[in-house]
1. To the nearest 10 degrees, how steep is helix B:326-340 against the longest Cα principal axis of chain B, on a 0 to 90 scale?
2. Calculate how many DSSP beta bridges within the protein assembly as shown are antiparallel, expressed in % of all such bridges and rounded to the nearest 5.
3. Across the residues of B:366-378, average count of Cβ atoms on other protein chains within 10 Å?
4. Rounded to the nearest 0.05, what FRET efficiency do residue A:95 and residue B:276 have when you use their Cβ-Cβ distance and R0 = 22 Å?
5. Using only Cα atoms, find the angle between the long axis of helix B:100-114 and the longest principal axis of chain B, and express it within 0 to 90 degrees, rounded to the nearest 10.
6. Rounded, prolate or oblate: which fits the stretch B:117-174, taking a ≥ b ≥ c as square roots of the Cα gyration tensor eigenvalues, rounded meaning a/c under 1.5, else prolate when a/b beats b/c?
7. Mind pulling the per residue volume of the convex hull built on the Cα atoms of the stretch B:304-346? Å³ is fine.
8. For the stretch B:223-372, how big is the tail of P(r) above 27 Å, as a whole percent of Cα pairs?
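Taken together, the values in this text are just the output of simple stated rules run on the coordinates, not laboratory data. Quick caveat: nothing in here was measured; it's all calculated off a predicted structure. So basically every Cβ, Gly included, is an ideal-geometry build from the backbone, and we count neighbours across all protein chains shown.
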C-alpha cells in the first residue's frame, strides 16, 4: 500500500498552517482517503514528515473515531443511532441491515464488500432515519430503499 | 410569525452560488463596511445588536470580539465553528449547503472587526456535501476578489482555510476545536487563559458559530437597533430552530428569539404527528434538560429557558409524544455522551458510563427502587466538576428526565 503523498500534496497542506504539526489531521485524512485506513507505517511517515513524535500521531489516530486502523469493506455503511433517528425508526434499519448482510455492528462481510457500523448524529434529523454509505447520505431511509441501494452497488 | 433573514435565499434555485447571492445584494455590506466603518465601529454595532452566540453558550458576540487585544505583535485568528454534532441539530448544515456566501460575508466582516488576517473553518468530517459547497464558495469569492490576499481594498486581506474534523463531538467545544486545528487530540483546555488572549497557536483568537456569523451581514446592513428589536430585551434577532421527532413537518424554522416554543411546534412544524399528545420536548439539542407538556409556552430565548431550568442550546427542538419511552430516550442521549466524553475529567468519563449501566439495568427489568436516586446522585457529582460543559450536558438530561418522569425509571412495566 503506497500511503506516501507527493511533495506537492504535502506542501499544499503545510501552506495552510504556521506550524507543520498542525497539518497532521489533513495529512491523515488524505492518506485514509487514498488507501482506506492508517496503517502503522503511515503513522511513522506522518510523524517524520511533520516532525512530531510518533506517539502523538498514534494518539490522534486512536482519539478520532473517523480514523481507522484497519481497512473497512469497499462500502462503509453508517447507521445513525442518535435521538431523532431513533424516534423515526432508525433501529429498524439497523436490524434489517444486520439480517440482510448477516453482520453484527463493526463487522465486514467475507467478500470485503460491506462494513456495517453505527454513528452518532449525522445532522440529517429533519429527514431521519439517516444512513451514510461511503460518504453519501440516504435519508429518510427505509429497509426497502436500503436493500435496493445495496443491490445496485458493485 | 417566522422571519427570514438567514434562510431568505434557501428557496431560490442555486442559492449556494455567488451569482445568486450577489443578485440579492450579497457582499455589498462587506464592501460598505470596509469603505466606511472602522473595525471598532463594527464591534460596537454588533455589541448594540445584542447578538448572542448561536452555538449553545449564548455569549454576547460583540463583547467576545472586544476582548481581543490589539497590537500584541501576534496574528489574530478567527475560527468558525462548523462542527455541528449536537443530536437534533442541523441548522449550520443548511447554511453551509444552501447559502455559504452569506456565511463568508459574515466571516469577512468579523475578520475585519477583530483584525484577523487568517481564518479557519472547522468543518465536521462527515459533512461531505457541505464541504464541497463551502470550498467551491471560497474559490468563487477568492476569484472575484472578495476574499484572499492582495485584494483591491488595501485595508483587508483574509485567507480562509477549511479544516476537517474526524468524528469527535468534543471538538465543537471551542478549546478542543483549537487543539484539533493544532493537530492534537481534542482535549479541552484549562481556562484561563481564554482564547481571546491565548488561543490558536498561542495567539488571540475568536471562535464563532456558523449561524452567529451568518447573522452579522444583516446587522451591518440594517443596523443594530433593527436587529435587536426583532428579539427580546437581552437577546437580539432571529434564531434558527431545527425541529425533529414526533412532528408533522420536521424541518428548519427561523423565528425571532422569544417566540413561544408551542408556536414553533404548531405553526412551524405542523404540530404533533398522528394526532398524539406531547409528553415532553427537548428545547435546544441533546444536552438541554427536557420540558414537560405543561412547560411549552416558554418563550424561546436564553433567559426564559434558563428560568425554567433548561437552555436554548443550539435551538434544536426534539418533540417526544405520549408513546415515547422516557427511559429509552434518556438511555439514547446518555449513550451519546458516554461515547463522546473525551476521557480527560474523571467525573464525566466515569459518570457517563455509570449512568448508561444503571439505565441499561432498568431497561432490562432489573432496576432497583433506589436507582432513580442513584442516577440523580451520579449526575450531581458530574455537574460543574469538569473542564468543559460536556459533564453538565450529560448531567442535565438525567436530572430533568428522572425528576419529571420518575415513574418511568421505576416501573418494570416500562422496561424495554
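1. The two axes meet at around 50 degrees.
2. 45 percent
3. If you average over the peptide's residues, the count of other-chain Cβ atoms is 0.
4. The pair residue A:95/residue B:276 has a calculated efficiency of 0.35.
5. Here the helix axis deviates by roughly 70 degrees.
6. Taking the square roots of the gyration eigenvalues as a ≥ b ≥ c, the stretch B:117-174 is oblate.
7. 127 Å³
8. When all Cα pairs of the stretch B:223-372 are counted, 32 percent exceed 27 Å.
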